[in-house]
Amino acid sequence: MGKWTARDIADQTGRTYVVTGANSGLGAVTAKALGGAGATVILACRSVDKAAPVAAEIGANAQVRRLDLADLSSVREFAEGVEKVDVLVNNAGVMAVPKSTTADGFETQFGTNHLGHFALTGLLLDRITDRVVTMSSLMHRIGSINLDDPNWQHRSYSRWPAYGQSKLANLMFAYELDRRLRASGSAVKSLAAHPGYASTGLQGHTQSVWDRLMGIGNLFAQSAEMGALPELWAATSPSAVSGSYLGPDGPFEQRGHPKTVGSSGRSQDRAVAASLWGLSERLTGVTYRFGTVPSDDDGGGSRE
């Protein structure tokens with residue numbers, strides 16, 4: 001794909017994107033780039049007030065709607081208000097936060113990063129016409145899926161392994177969604193991406209010494225504009241292949257322009273991915289139904 005940049009995005013006029021966490025960081029950069037290319041962009045954010053300045057910068061083709069991924073009732077309410085979307089960008093996330101739980105009692109990182117996006121995608125699937133892009137991380141490599149205790153209720157909580165589990169879950173979800181879409185004959189694509197090491201607000205909310213350490217690390221990180229390129233390419237490229245994982249092309253995938261990258265052996269475990277899928281359906285109450293063709297007047301599909 002060469003040294004692709006946001007300037008290479010084709011005209012997106014007439015297309016609608018939902019970008020979660022679009023009020024700051026990678027999400028804001030992604031939303032602005034899509035809006036600048038002519039797309040209608042729905043900024044799906046927990047704080048409407050924080051998203052408003054980003055929407056104002058984009059202009060008339062931006063909409064702000066409240067979405068709290070840590071609250072499944074909010075996810076359902078948001079999904080009910082979306083009539084049709086071409087591309088869903090599952091971008092939002094929290095990283096290495098202290099032990100806490102979501103409104104539904106899930107460990108915050110697993111509940112927000114994975115379960116919230118799993119539920120959102122399932123609830124919107126009958127209205128998605130093109131693709132789903134889910135953000136993972138290089139940190140998926142330190143993660144493992146504990147199917148017996150995904151919410152850290154019966155083991156000592158550790159913030160970084162918990163983050164790694166959530167990002168591994170994001171990647172396994174993207175891969176498994178691709179397999180299930182292909183098996184159903186759907187033309188909808190599922191891709192994953194990671195930003196390398198990019199300077200964003202994500203590194204400032206651990207409430208620990210890690211905030212200071214990562215603040216120093218940000219001096220050497222690439223910009224959020226560069227970090228957003230893999231998800232932008234995955235979201236807009238006509239040549240994007242479903243099931244692909246995009247990241248930076250520089251050393252150790254830390255920085256650079258987007259390219260197709262590999263992932264850990266654990267991320268390729270189809271048996272665990274299928275079990276994680278079933279567990280996620282049970283925990284969220286959202287059961288996916290494939291094979292529904294989106295149309296302007298069809299309201300059926302994957303809502304429960």
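The values are calculated or read from the model by the stated rules, or taken from the named source; none is laboratory data. It should be emphasised that the depicted structure is a prediction, and the values quoted were computed from it without experimental measurement. Because the Cβ atoms are built from the backbone with ideal geometry, glycine has one as well, and the counts that use them run over all protein chains shown. Remember, those area values only see protein heavy atoms, side chains included, never the ligands or the DNA or RNA. Shrake-Rupley method; radii C 1.70, N 1.55, O 1.52, S 1.80 Å.
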Open item on the list: Under 5 Å between amide hydrogens, which residues at least 5 positions from S136 or on another chain qualify, with H placed 1.01 Å from N in the peptide plane?
Closed with: A193, H194
Open item on the list: Quick check for you: with a 1.4 Å probe and neighbouring chains kept, what is the accessible area per residue of the chain, in Å²?
Closed with: 40 Å²
Open item on the list: Given a 1.4 angstrom probe, I'd like the percentage of the accessible area of region 1-87 that is carbon and sulfur, rounded to a whole number.
Closed with: 45 percent
Task: Alpha-carbon centroid distance for the pair region 1-77 / region 114-136, whole angstrom - done: 15 Å
Task: Extreme residue, positive dipole direction of region 87-169, given options S158, G122, Q109 (C-beta unit charges) - done: S158
Open item on the list: I want to verify a result. In a Gaussian network model of the chain, Cα cutoff 10 Å, which of these has the top mean-square fluctuation: L191, L276, L67?
Closed with: L276
Open item on the list: Looking at region 5-155 only, what percent of DSSP beta bridges run antiparallel? Nearest 5 please.
Closed with: 5 percent
Open item on the list: Can you tell me which lysines have their Cα less than 24 Å from the Cα of K50? Leave out same-chain residues fewer than eight positions away.
Closed with: K32
- [ ] Return the sequence-ordered ³J(HN,Hα) values of region 11-17 in whole Hz as given by the Karplus equation 6.51 cos²θ - 1.76 cosθ + 1.60 applied to θ = phi - 60°, using x for Gly and Pro.
- [x] 4, 10, 4, x, 9, 10, 10
TODO: Pull up the cross-link candidates among the lysines for K259, meaning alpha carbon to alpha carbon under 20 Å and not fewer than 8 places away within one chain.
DONE: K3, K167, K189
Task: Summed side-chain charge close to N151 - residues other than N151 whose Cβ falls under 13 Å, Lys, Arg +1, Asp, Glu -1 - done: -1
Open item on the list: Out of all DSSP beta bridges in the chain, what portion is antiparallel? Express it as a percent rounded to 5.
Closed with: 15 percent
TODO: For every helix of n ≥ 4 consecutive DSSP H residues, a contribution of -39,500 (n - 2.57) applies; sum these over the chain, divide by its total residues, and give [θ] at 222 nm rounded to the nearest 500 deg cm²/dmol.
DONE: -10000 deg cm²/dmol
